[in-house]
Amino acid sequence: MRSMTLTESVKTCFRKYFTFSGRASRSEYWKFWLFWLLINVALVLVNSAIFGPVHEIGVGTWTAPDGTQTVEPFNNTIYTGGIFANVFSLAVLVPGVAVACRRLHDIGRSGWWQVMPFALIFVVTGAVIVMSVGWTAFLAGFNTPGGITVQNPSGAVFAILLILGSFAILLFWLCKKSQPGPNTYGPNPHEVSQ
């Protein structure tokens, strides 16, 4: 079977808005996210044309490794999709999660695996902070004006590698070819008409 066109993919994903069962081909998944990217780029252009870019102006304090502090002004220009991109991203969130679930089903994996990297971000980051500063300092940090200062960030590199590794595994799975024939989640999308 030929791969889906961009239009077919978008129509299929919106038709299966709340469908978390079944299987989705690589072309259905990746072309849906290509659609998302193209629309977001267009929304950034539209928002910038209507409202202009966002300008951040302020003063930042940077601390050098030797402890000396430097105060410098900054002026950042940021182009965003604004409210248009936010509303669009909310509209495609559910079908995006659903097509990712079906895509993982296509290779014989549970759709819950897509939660892994995001769960690790919260769990590992929290664990590193608590291990670095201790529970007392961690809990007290919420009540101090300066917040929490991590004195010993030894686990940060491991945490970053763990999180990046989980995203890499998920990306690898989303790029894999379909399992031939039917699997636990249904028939191969290449062997049935859409």
Residue count for the stretch 1-51, restricted to those that are of a type outside the set (Ser, Thr, Tyr) and in a loop (DSSP other than H, G, I, E, B): 9
Some residue of the stretch 61-78 being among the acidic types (Asp, Glu), in contact (Cβ under 8 Å) with a residue 12 or more places away in the chain, over 30 Å from Tyr185 (Cβ atoms) and outside any loop (DSSP other than H, G, I, E, B): yes
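State all residues of the stretch 108-119 that are without any contact (Cβ under 8 Å) to a residue 60 or more places away in the chain and crowded, with 18+ Cβ neighbours inside 10 Å; if no residue qualifies, say none. Reasoning before the result, please.
Step one: list which residues in the stretch 108-119 are without any contact (Cβ under 8 Å) to a residue 60 or more places away in the chain, which gives 110, 112, 114-119.
Within the stretch 108-119, Gln114, Pro117 qualify.
Output yes when any residue across the stretch 35-46 is hydrophobic (A, V, I, L, M, F, W, C) and touching a residue at least 60 places away in the same chain (Cβ under 8 Å), and no when none is.
Taking the stretch 35-46 and keeping what is hydrophobic (A, V, I, L, M, F, W, C), we get 35-39, 41-46.
Filter again for touching a residue at least 60 places away in the same chain (Cβ under 8 Å), leaving 36.
Looking through the stretch 35-46, at least one residue is hydrophobic (A, V, I, L, M, F, W, C) and touching a residue at least 60 places away in the same chain (Cβ under 8 Å).
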Residues located in the stretch 3-28, provided they are of a type in the set (Lys, Arg) and under 19 Å from Val94 (Cβ atoms): Lys11, Arg15, Lys16, Arg23
Failed item in (1) open to solvent by less than 40 Å² (accessible area, probe 1.4 Å); (2) at pLDDT 75 or above, with Leu162 passing the rest: (1)
Tally, over the stretch 65-77, of residues that are open to solvent by less than 70 Å² (accessible area, probe 1.4 Å) and in contact with a Phe, Trp or Tyr (Cβ under 9 Å, 6 or more places away or on another chain): 1
Looking only at the stretch 13-64, and only at residues there that are charged (D, E, K, R) and open to solvent by 40 Å² or more (accessible area, probe 1.4 Å), the one that is farthest from Pro182 (Cα to Cα): Glu56
Some residue of the stretch 88-107 being open to solvent by less than 40 Å² (accessible area, probe 1.4 Å) and outside any helix (DSSP H, G or I): yes
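The values are calculated or read from the model by the stated rules, or taken from the named source; none is laboratory data. A quick note: this is a predicted structure, and the numbers were derived from the prediction, not measured. Cβ atoms come from the backbone with ideal geometry, glycine included; neighbour counts cover every protein chain shown. The area values use the complete protein model at the heavy-atom level, side chains included, leaving out ligands, DNA and RNA. Shrake-Rupley method; radii C 1.70, N 1.55, O 1.52, S 1.80 Å.
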